[in-house]
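Here's the structure, in structure tokens; my notes come after.
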Amino acid sequence: MTTPLPPAAALRRIAFLLERAREPTHRVAAFRTAAAVVDTIGPEELDRRIRTRTLTDLRGIGPKTGAAIVQAHAGEVPEYLARLEEAHAELVPLADDVAEFRATLRGDLHTHSDWSDGGSPIREMAEAAIALGHEYMALTDHSPRLTVANGLSAERLERQLEVVAGLNEELRPFRILTGIECDIHLDGSLDQTDELLDRLDVVVASVHSDLRAESAAMTERMLAAVGNPHTDVLGHCTGRLLIPREQREGRRQRPRPESAFDAEAVFSACVEHGTAVEINSRPERLDPPLRLLALAVEFGCTFAIDTDAHAPGQLDWQGNGCERAVETGVDPDRVVNSWPVDELLGWTGR
Ligand SMILES: [Zn+2]
Ligand SMILES: [Zn+2]
């Protein structure tokens, strides 16, 4: 991307590329904050601030972000952005067959905003999805029980539905699909009211607790969730974590092995009930593992290749899932998020 962008867009692009390069979050946040400041003050005030060299007097704008604003305002590509774009272009590209597979995807069915444990407002997530060429994005913030991830109560989810409806008016033809990443309780029931689950476009059901349970109990729990008529996608089925990860408030999670369950029983239930198996693209998850993914392919499952993004730059992680889909021979037509939105909603409303 070498065309000059308006200042706020240039700052957001910088944040996006920094995040992709896994730069520290405070550096990414500095550019997002500055973009929000530029949005707030409006073009005339921005113009005046630049003329009078008082830009950095504004709270949230420092020397680096200020320089990028001045250059973008002058119709140039900010130096900082140009350097990032150059480094970005040198990243190893996806193999041709993987890139081709990825190009069939129209959206993402598992994303989080700052309403639960994501780092960014819904709008920023949607704008990043649009920038990636997506047609839709299911917003799937956590359910009430997951208090560590600021899960949404029924009341907050109701409010979120109103916010999403408003954003959809503005962002058309892009579509934010309403949704939830719903905890699967120990007894296999879902952690939200039937009435709300019924109103949502996409329900991803995931196990987040008691991951070390015995295989028989875990299998029962997963079978109940997969067979629940509200469930559309079975999220990160084994729950494994390959590398440690940072969470909110400095919490750190250690790697953990796969949960034990009868994968044949669970995958055949997925086929029976038309529930898609998620191919989770997060680098620390890459779930299911290849041997289970191959098994799901053999059983004839449908799939959703999702990023589980908690920040806008992470929406770009679908290549990870596509690599694994290609490796295990997933048919792109069996990937629900390669379907046009109407077809997708026909399936989720089944
Ligand atoms: Zn999850
Ligand atoms: Zn998630």
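The values are calculated or read from the model by the stated rules, or taken from the named source; none is laboratory data. These numbers were taken from a predicted model, which means no experiment stands behind them. We place every Cβ from the backbone using ideal geometry, glycine too, and count neighbours over all the protein chains shown. Note: accessible area is taken over every heavy atom of the protein model, side chains too, but ligands, DNA and RNA are not part of it. Shrake-Rupley method; radii C 1.70, N 1.55, O 1.52, S 1.80 Å.
State to the nearest 20 debye the size of the charge dipole of the chain about its Cα centre, where the only charges are +1 on K and R beta carbons and -1 on D and E beta carbons.
1460 debye
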Could you give the alpha-carbon Rg of the chain over 2.2 N^0.38 Å, rounded to two decimals? 1.03
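Quick one: accessible area per residue over region 200-350, 1.4 Å probe, rounded to a whole number of Å²? Walk me through the numbers before you get to the answer.
Values: 5720 Å² over 151 residues.
Per residue, region 200-350 has an accessible area of 38 Å².
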So what are the three principal axis dimensions of region 154-256 from its Cα atoms, in whole Å, longest to shortest? 46, 35, 25
When the charge dipole of the chain is computed with +1 at the Cβ of Lys and Arg and -1 at the Cβ of Asp and Glu, the Cα pointing farthest to the positive end, of 93, 5, 46, is that of 46
Mind checking which of 182, 349, 217 is farthest towards the positive end of the chain's charge dipole, using Cβ charges of +1 (Lys, Arg) and -1 (Asp, Glu) about the Cα centre? 182
Quote the charge dipole size of region 43-160 about the Cα centre in Debye, to the nearest 20; the model charges only the Cβ of Lys and Arg (+1) and of Asp and Glu (-1). 560 debye
Ordering 12, 251 by the accessible surface of their heavy atoms, 1.4 Å probe, largest first, yields 251, 12
Which FRET efficiency, nearest 0.05, do residue 52 and residue 156 yield, Cβ-Cβ r, R0 41 Å? 0.45
Per residue, in Å², the accessible surface of region 42-172 once ligands and nucleic acids are set aside, probe 1.4 Å: 52 Å²
Under 13 Å from the residue 347 label point (7 Å along Cα→beta-carbon), backbone N, region 122-149: none
For the pair residue 45 and residue 194, what calculated FRET efficiency results from E = 1/(1 + (r/R0)^6), where r is the Cβ-Cβ distance and R0 = 41 Å, to the nearest 0.05? 0.25
Using the Cα centre of region 11-158 as origin and beta-carbon charges of +1 (Lys, Arg) and -1 (Asp, Glu), tell me which of 139, 154, 119 is placed farthest towards the positive end of the dipole. 119
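Quick one: pull the percent of accessible area on region 214-269 belonging to carbon and sulfur, 1.4 Å probe, ligands and nucleic acids left out. Could the numbers behind the result be given before it?
On the way: 1350 of 2700 Å².
Ligands and nucleic acids excluded, carbon and sulfur reach 50 percent.
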Could you list the residues of region 315-332 with an amide nitrogen less than 18 Å from a label point located 7 Å from the Cα of residue 97 in the Cα-to-C-beta direction? 319-332
One quarter of the C-alpha convex hull surface, i.e. the mean projected area of region 163-208 in nm², amounts to 3.7 nm²
What is the calculated FRET efficiency for residue 170 to residue 26, with r their C-beta to C-beta distance and R₀ = 41 Å, to the nearest 0.05? 0.90
Dmax and Rg, reported as Rg then Dmax, of region 1-158 (C-alpha, Å): 17.9, 53
Can you compute the equivalent ellipsoid semi-axes for region 133-173, i.e. the square root of 5 times each eigenvalue of the Cα gyration tensor, sorted largest first and rounded to whole Å? 24, 13, 5
Summing -39500 (n - 2.57) over every DSSP H run of at least 4 in the chain, dividing by its residue total and rounding to the nearest 500, the 222 nm mean residue ellipticity is -14000 deg cm²/dmol
Let's see if you can work this out: charge +1 on each Lys and Arg Cβ, -1 on each Asp and Glu Cβ, no other charges. What is the dipole magnitude of region 198-316 about its Cα centre, in debye to the nearest 20? 600 debye
